[in-house]
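Asker: A single structure is presented below for examination.
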């Protein structure tokens, strides 16, 4: 009976891994797929990621988890219960928009649970394999981005998924490329999470000193190539979301790591940062066209400097809702106007959302939260996110194995930054990457604890 149960859990773990791989591939190549397929298939392709998550949710119901994931599951179910009044209010505008709003806020938590369930039950081999696969995606996405940068705006690869020109979004004569993604923003979200996973890759898959195999000897050249791809990808987008997102993730990750590994930071950490700066400077000289769009967008304007623009944009993301929020009726102030309305795709399934979007789009995370669910949603939604950040911090603080807590430092940095500032309810790709990072954090914790206990038992 015990063996049968173990076999069942093993098969479920394999199924969860397949779902995570399928989800990642779909997210990364969705834009390219929508460009090559007939237009009428665009909407079905857009929702494939949601179908994958729903399949994962169905399979998940028959799975047992360790304490950390069980706690997350219980909090998730509790938050779902708190969302019920908002579901009722949204249902007055249609069943489809209610389901759509529910999945925008709550469905993608399943990605964290699938990640843990799929990659925890071995010695870390499957997780390392996934991390290697994920960071290697930097290569094809960067190749496509470089190709787009060299092609005219009229080429099909540089058109939108709807087949329209994107020249209006050019800067310094160069398009803000989206690589294999539907939009430039989605490419930026991908690069931000890749910064964290690339550091995980460096720490949990280092070059082994006494391993003469060709693959082991190629690790350093491959790591250099991956780092260059991350740099090129971040700047060639022409967007500040990618450059500032990657930079902030790395900087905060190194700060967190410095609390636990001061000597490493004063030696290898400084060397790595110096090499990164030198690499960016050299690449800027050799390939200035990769930086042209970003430099134009970061050069400021006649009225404002770049720093003033950034300051205004950051402040606006936290305060723009105050200009209209209190002018609404009391019901809208307390419980909002309906979930999911401001997200891409809502206008395709709801006439109510379509009519609202003709007049208004909130754009920022706080504005979206306050408009869709009022003070009530703001309270439960941000409490939930802060709880996840606190949980991730506690996990990181209790780790013992050097390579694991080093890798987790950058995951924690990503979770903190995007948990506070990310448009998680507005952008499903960003939400999926964020929850995948949460799942990876729990997975690393489990692997860390297993190895720590093993080492401890051997010393007794």
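Asker: Quick check on residue 351: is it within 25 Å of residue 107 (Cα to Cα), out of contact with any helix residue (DSSP H, G or I) (no Cβ under 7 Å at 6 or more places or on another chain), at pLDDT below 85 and loosely packed, with under 14 Cβ neighbours inside 10 Å?
Answerer: No: the conditions fail for residue 351.
Asker: Would you mention how many residues in the range 34-66 are at pLDDT below 85 and either assigned to a loop (DSSP other than H, G, I, E, B) or on the phi > 0 side of the Ramachandran plot (or both)?
Answerer: Count: 6.
Asker: Oh, and also: Hey, does the range 291-313 have a residue that's surrounded by fewer than 17 Cβ atoms within 10 Å (Cβ to Cβ), on the phi > 0 side of the Ramachandran plot and modelled with pLDDT of 75 or more?
Answerer: no
Asker: Can I ask one more? Does residue 131 qualify as being under 19 Å from the mean Cα position of the chain (by Cα) and either assigned to a helix (DSSP H, G or I) or exposed (fewer than 15 other Cβ atoms within 10 Å of the Cβ) (or both)?
Answerer: Working: under 19 Å from the mean Cα position of the chain (by Cα): yes; either assigned to a helix (DSSP H, G or I) or exposed (fewer than 15 other Cβ atoms within 10 Å of the Cβ) (or both): yes.
Considered against the rule, which asks whether it is under 19 Å from the mean Cα position of the chain (by Cα) and either assigned to a helix (DSSP H, G or I) or exposed (fewer than 15 other Cβ atoms within 10 Å of the Cβ) (or both), residue 131 comes out as yes.
Asker: Can you confirm whether residue 202 is surrounded by fewer than 23 Cβ atoms within 10 Å (Cβ to Cβ), under 23 Å from residue 242 (Cα atoms), at pLDDT 95 or above and in contact with a helix residue (DSSP H, G or I) (Cβ under 9 Å, 6 or more places away or on another chain)?
Answerer: The answer is no for residue 202.
Asker: Next question. Is it the case that the range 159-172 has a residue that's under 24 Å from residue 273 (Cβ atoms) and either modelled with pLDDT under 80 or surrounded by 21 or more Cβ atoms within 10 Å (Cβ to Cβ) (or both)?
Answerer: no
Asker: In addition: Go through the range 359-413 and count every residue that is in a helix (DSSP H, G or I) and touching a residue at least 24 places away in the same chain (Cβ under 8 Å).
Answerer: Final tally of qualifying residues: 37.
Asker: Could you check, for the range 93-105, whether at least one of its residues is over 22 Å from the mean Cα position of the chain (by Cα), modelled with pLDDT under 80 and farther than 30 Å from residue 143 by Cα? Walk me through it before giving the result.
Answerer: Looking only at the range 93-105, we keep the residues that are over 22 Å from the mean Cα position of the chain (by Cα), and these are 93-99.
This time we only want the ones that are modelled with pLDDT under 80, so: none.
Checked against the condition, which is being over 22 Å from the mean Cα position of the chain (by Cα), modelled with pLDDT under 80 and farther than 30 Å from residue 143 by Cα, the range 93-105 yields no hits at all.
Asker: Checking residue 236 against (1) in contact with a helix residue (DSSP H, G or I) (Cβ under 7 Å, 6 or more places away or on another chain); (2) closer than 23 Å to residue 408 by Cβ; (3) at pLDDT below 90, which single condition isn't satisfied?
Answerer: (2)
Asker: Further, regarding this structure: Within the range 82-97, can you find the residues that are surrounded by 14 or more Cβ atoms within 10 Å (Cβ to Cβ), on the phi < 0 side of the Ramachandran plot and not in a helix (DSSP H, G or I)?
Answerer: Listed by number, the residues that qualify are 83, 93.
Asker: Within the range 72-81, track down each residue that is crowded, with 17+ Cβ neighbours inside 10 Å and at pLDDT below 90.
Answerer: 72, 73
Asker: Still on this structure: Under 9 Å between Cβ atoms, at least 6 apart or on separate chains: pull out the pairs that start in the range 262-278 with a residue that is surrounded by 12 or more Cβ atoms within 10 Å (Cβ to Cβ) and end on any residue that is outside any helix (DSSP H, G or I) and at pLDDT 75 or above.
Answerer: If the second residue must be outside any helix (DSSP H, G or I) and at pLDDT 75 or above, the pairs left are 269/261.
The values are calculated or read from the model by the stated rules, or taken from the named source; none is laboratory data. Every value quoted in this text rests on a predicted model; they were computed, and no experiment measured them. Positions of Cβ are generated from backbone atoms using ideal geometry, with glycine treated the same way; all protein chains shown enter the neighbour counts.
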